[in-house]
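> One structure follows; several queries about it will come next.
The values are calculated or read from the model by the stated rules, or taken from the named source; none is laboratory data. Bear in mind that the values here come from a model prediction, so they are computed numbers and not experimental data. All Cβ positions, even for glycine, are placed from backbone atoms using ideal geometry, and neighbour counts span all protein chains on display.
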Amino acid sequence: MGSLHPVAEWIVSLLLLAGGFFTLVGAIGLVRLPDFYARLHGPTKATTLGVGSVVIASMLYFTLSTGEIAITEILITAFLFLTAPVSANFLAKAAMHLNVERSEETRGQPWEQ
């Protein structure tokens with residue numbers, strides 16, 4: 001394994017920092033937001049970007065250091081970006097069917113009751 005070009009190291013480092021930041025914001029949102037519907041946004045939006053950034057940084061690092069395309073990381077990223085919104089949608093619909101309580105701070109109606 002060879003060493004990376006300094007610009008590539010900076011890009012990988014920035015992607016890792018961005019991934020850590022988005023994951024932290026998602027975790028704080030999960031703890032701080034008032035009800036289930038609002039908390040659903042933390043892990044599905046910010047954390048998806050965070051994990052996606054980390055996996056893309058890994059893909060970039062291993063592709064540039066070994067010279068081979070990192071197929072595993074590409075598949076992980078595609079799977080993550082496809083399944084996170086779908087699972088969040090299923091969770092929200094299940095919560096609406098179960099009439100999960102909303103806080104007064106949450107705007108909008110799930111559907112007419």
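> With respect to Gly52, determine if the residue is surrounded by 17 or more Cβ atoms within 10 Å (Cβ to Cβ), touching a helix residue (DSSP H, G or I) at 6+ places or on another chain (Cβ under 9 Å) and in contact (Cβ under 8 Å) with a residue 12 or more places away in the chain.
yes
> Let me ask another. Can you confirm whether Leu75 is farther than 29 Å from Glu9 by Cβ and either among the aromatic types (Phe, Trp, Tyr) or part of a helix (DSSP H, G or I) (or both)?
no
> Report yes if Thr44 is at pLDDT below 90, surrounded by 16 or more Cβ atoms within 10 Å (Cβ to Cβ) and either closer than 16 Å to Ile76 by Cβ or not aromatic (Phe, Trp, Tyr) (or both), otherwise no.
Yes.
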